[in-house]
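Heads up: the structure comes next, in structure tokens.
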Amino acid sequence: MNNSVLRFDVPETAESHVRQLVEATNARAAIHGLNPYALEMSAPFLADYRDYDGRLIGKRYFVTVTLTGGVPRHAGWTVVARLDHDEEGETILSTFPGLSDELAEEARGMRVVENFCYGCKVERDRTVTYLARHENGEYRQLGTTCVEPYTGLPIKGLQALWRLEKIKDTDWDGLGVEGVPADIRLPVDKVLRVAAAIVEMEGRFYARSEAWKTVTPTADSVSAYFFNRKVPEEWRADVNAQPGAEATAAAVREWAVQEYGSSNDYRHKIAQLAKGQTVGQRHLPTLVSAVAGWHRDQEKAAAERAARCSMPQGKVGERLTVAATVTTVIELEERHYGYRAQRRRLVKFQDAGGNVYVWFSSAADVPDQGDEVEVTGTVKDHSTYGEVAQTVLTRCRVVEREATEERELVAA
């Protein structure tokens, strides 16, 4: 019996399935008196994963499968190859699993005849024949029913062991997003750089809760960059060309890891992801959201610096109209009038000069934090909060800045 070693890599997710298939194959071969193959699995390792076009997407965990056994032999005979004959007269040769390179090369060089069997010499339509080799170097082409009488080797047992080659050649890609395996892992630094570049290109971060605005959420754009084969390469090139993205990504990662161990579950989660070298598809949106969190902190710090210069605006009773950004929206305790509850919220605005405006609103709708608006209101009071001067407004009318600019263009 010649030693046979079959070695190949499979995704880590396929490890248990491979074990089951090898055990089933060995059990079937044992029924026909053939020895089983020993199975060894390596420790998981990360390896590059490329799509069908050869583009490097990310990394994937693999394990190396090693099957060790022997090519069955009896009375000097070994079945070394299987010959599949198609209707067009072509013959496809597949060697026995784990056959040595030397014997495999020798078998490929043998002259074979379609539908021919040396054992019975009966002409019939055969779709499969086998190539047997004697230890003296003699070769014989045999039909399926003649293999066992001529060589003494059980054909059904050999066919069972031949399945080991099919295990090696199986496509183990458990395809997920955009035809890419679901267990693909992406480099954290590259994900953050792409996210930072897309935010820079689009002017802001779009959360998935904003999908109703007919905009593409930033996390989906990042996913498309890596996985969507239909995305124009020009767009990817524009993303790669954003000059400040790399520096922003490094700053986001440093900001994120500082909160490792935080009591805030979200901050601890993104810190965990940022500390790693790769991230899976499942946690991609969470990691991408770190870019939005970093921008919010930067804007908040800038607003606090500007707020130190805040000055009281207007006179009490005066009607003011200012262009501002909504910096805070806080839910307050409801007021009850009989059986009716009135919802109340504290809304803070800040203009380009850093001046802070406060509105205690009982309106049904108020702007969201971060909205650019034009607010018109009556000055009710001037107050100080945490050493920051504030102008308290009442009876406010708030219009989104974009809508205001559109009306001005129409009027012009």
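The values are calculated or read from the model by the stated rules, or taken from the named source; none is laboratory data. Just so we're clear, the structure is a prediction, and the values are computed from it rather than from any experiment. So basically every Cβ, Gly included, is an ideal-geometry build from the backbone, and we count neighbours across all protein chains shown. We work out accessible area using only protein heavy atoms, side chains counted, and drop any ligands, DNA or RNA first. Shrake-Rupley method; radii C 1.70, N 1.55, O 1.52, S 1.80 Å.
At a glance:
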quantity	calculated
Among (1) open to solvent by 10 Å² or more (accessible area, probe 1.4 Å); (2) within 24 Å of residue 183 (Cβ to Cβ), the one test that residue 290 misses	(1)
Subset of the range 352-366 that is among the hydrophobic types (A, V, I, L, M, F, W, C) and under 17 Å from residue 382 (Cα atoms) - its residue that is most open to solvent (accessible area, probe 1.4 Å)	360
Residues located in the range 41-54, provided they are free of Cβ contacts under 8 Å to residues at least 40 places away in the same chain, surrounded by 12 or more Cβ atoms within 10 Å (Cβ to Cβ) and out of contact with any Ser or Thr (no Cβ under 6 Å at 6 or more places or on another chain)	41, 44, 45
Residue in the range 136-150 that is assigned to a helix (DSSP H, G or I), within 23 Å of residue 26 (Cα to Cα) and open to solvent by less than 80 Å² (accessible area, probe 1.4 Å) present	yes
Residue 248 being of a type in the set (Ser, Thr, Tyr) and exposed (fewer than 12 other Cβ atoms within 10 Å of the Cβ)	no
Pairs where the first residue, in the range 17-40, is farther than 17 Å from residue 166 by Cβ and in contact (Cβ under 8 Å) with a residue 12 or more places away in the chain and the second is among the hydroxyl-bearing types (Ser, Thr, Tyr) and surrounded by fewer than 17 Cβ atoms within 10 Å (Cβ to Cβ), C-beta under 7 Å, 6+ apart	38/68; 40/66
Among the residues listed as 325, 321, the single one being open to solvent by 60 Å² or more (accessible area, probe 1.4 Å), hydroxyl-bearing (Ser, Thr, Tyr), more than 30 Å from residue 279 (Cβ to Cβ) and assigned to a strand (DSSP E or B)	321
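So that you can scan it fast, the table gives a plain yes or no per residue for (1) touching a Leu at 6+ places or on another chain (Cβ under 7 Å); (2) exposed (fewer than 11 other Cβ atoms within 10 Å of the Cβ); (3) farther than 19 Å from residue 4 by Cβ; (4) at pLDDT 90 or above:
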position: 82; (1), (2), (3), (4): no, no, no, yes
position: 85; (1), (2), (3), (4): no, no, yes, no
position: 91; (1), (2), (3), (4): yes, no, yes, no
position: 94; (1), (2), (3), (4): no, no, no, no
position: 98; (1), (2), (3), (4): yes, no, no, no
position: 101; (1), (2), (3), (4): no, yes, no, no
position: 104; (1), (2), (3), (4): no, no, no, no
position: 113; (1), (2), (3), (4): no, no, yes, no
